Amino acid sequence: MPAVLMLVLTLALILLVASLRVVKEYERGVLFRLGKVNPANLKQPGLRLVWPVIDRMVRIDLRTVTMDVPPQEVITKDNVTISVNAVIYFNVMNPVDAVLRIARYQTATSLFAQTTLRNILGQHELDEILSERETISEALREIIDRETDAWGVKVTAVEIKDIELPQVMRRAMARQAEAERERRAKVIAAEGEFQASEKLDQAARVLDRTRSALQLRYLQTLVDIGMENNTTVVFPLPIDILTSFQQALTKAPEGAPKLSEGSAAGDTNSE
C-alpha cells in the first residue's frame with residue numbers, strides 16, 4: 001500500500017511540474033481548454049498552471065515588432081517604374097483576436113502592407129512621392145491600421161525607407177537640378193546688378209550736385225592706383241575740360257584780320 005501511495009504522489013508531482021508554465025512580462029497566454037477559449041481567462045505574467053491534455057496555451061508577444069517590407073515594383077501615376085521598400089512598426093493589442101481571427105498575424109500584416117504600398121504609391125506622381133514622404137507614410141499607416149484592427153494588431157508607424165529610381169531618371173533629375181541652380185544663380189546676379197545700378201545712379205546724382213566731390217574722387221582713385229605696383233598710371237580727365245578746349249579751337253581769334261570779298265576777288269584777277 002505505501003508503495004502505491006508513493007507511486008501516486010510521484011505521478012501527481014510529475015503532473016504538477018509538467019503543468020507549470022512561466023509567462024514573461026511582455027507576453028500573454030491565450031488558453032485553450034478542451035478547444036475553447038475564455039477571453040476572461042487570459043494568462044498574465046508569472047507562474048501559471050496549464051493542465052496537460054485538456055489545456056493548450058498560445059503565447060503572444062506584446063512588444064513592438066519591426067518588419068521590413070520587401071522592395072516593391074511600383075508604376076507611378078506619371079508612368080515611372082520605381083522600386084520602393086518600407087518599414088512597418090506594429091504590436092498586438094488584443095491577444096485573443098490575434099489568435100482566433102487571423103492565422104500568423106505577422107505574415108498577414110506584412111502581405112497587406114505590401115499590397116497597400118503598391119496601391120497608394122501608384123496613385124501619386126514621382127515628384128509627390130519624393131517630396132511628400134511623410135504624408136504618404138501617414139496615409140499608409142491609417143489604411144493598414146484600419147484593416148489590422150480586427151486582428152487585434154495596432155500599426156504605430158509606416159516609414160518609406162528607400163526609393164530606387166532608374167538610371168535614366170536619375171540623370172534627368174540631375175540635369176534638372178543643375179538647370180535650377182543655374183537659374184537661381186542668374187537671378188541672384190541680375191538682382192545684384194539691379195541694386196548696384198540703383199546705387200550708382202544715386203552716387204552720380206550726388207557727384208553731379210557737387211563738382212568738388214568729383215575731383216576728390218579722382219584724387220582718391222590716384223591714391224588707390226599708387227598703392228599698387230603698377231608701371232602705368234591712368235589719370236582720369238574730366239570730359240568738361242576736353243569740351244572747353246574743343247570750343248576754344250573752333251572759335252577764331254579775336255585779333256586776327258578777316259579778308260573781304262573784294263580784296264579776295266582782286267587778288268584773283270591779278271593772277
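What follows is calculated from the coordinates using simple rules that are stated; it is not laboratory data. Computed from a predicted model, the values in this text were never measured in an experiment. Using ideal geometry, Cβ is built from the backbone for each residue, glycine included, and neighbour counts are taken over all protein chains shown.
Per-structure values
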| read-out | value |
| --- | --- |
| Cβ-defined net charge surrounding K24, 12 Å radius [Lys, Arg +1; Asp, Glu -1] | +3 |
| Shape box of segment 97-210 [Cα atoms, principal axes, largest first, Å] | 96, 32, 19 |
| Magnitude of the charge dipole, segment 12-61, Cβ model with Lys/Arg +1 and Asp/Glu -1, debye to 20 | 120 debye |
| Filtered GluC sites (Glu not before Pro), segment 1-88: DSSP coil and at most 13 other beta carbons within 10 Å | E25 |
| Residues of segment 111-135 with amide N under 16 Å of a point placed 7 Å along Cα→Cβ from V80 | 121-134 |
| Estimated distance in nm for a label pair at L42 and D68, the labels positioned 7 Å out from Cα along Cα-to-Cβ | 3.2 nm |
| Sorted by Cβ neighbour density within 10 Å, fewest at the top, the residues R56, R146, R28 | R146, R56, R28 |
| Sum of side-chain charges, D162 neighbourhood, beta-carbon under 13 Å (Lys, Arg +1; Asp, Glu -1) | -1 |
| Cα-projected label distance for L13 with M93, points at 7 Å along beta-carbon direction, nm | 4.8 nm |
| Cβ-based net charge around E193, under 14 Å, with every Lys or Arg adding one and every Asp or Glu removing one | -1 |
| Once the Cα gyration tensor of segment 26-69 is diagonalised, semi-axes √(5λ) in Å | 24, 12, 9 |
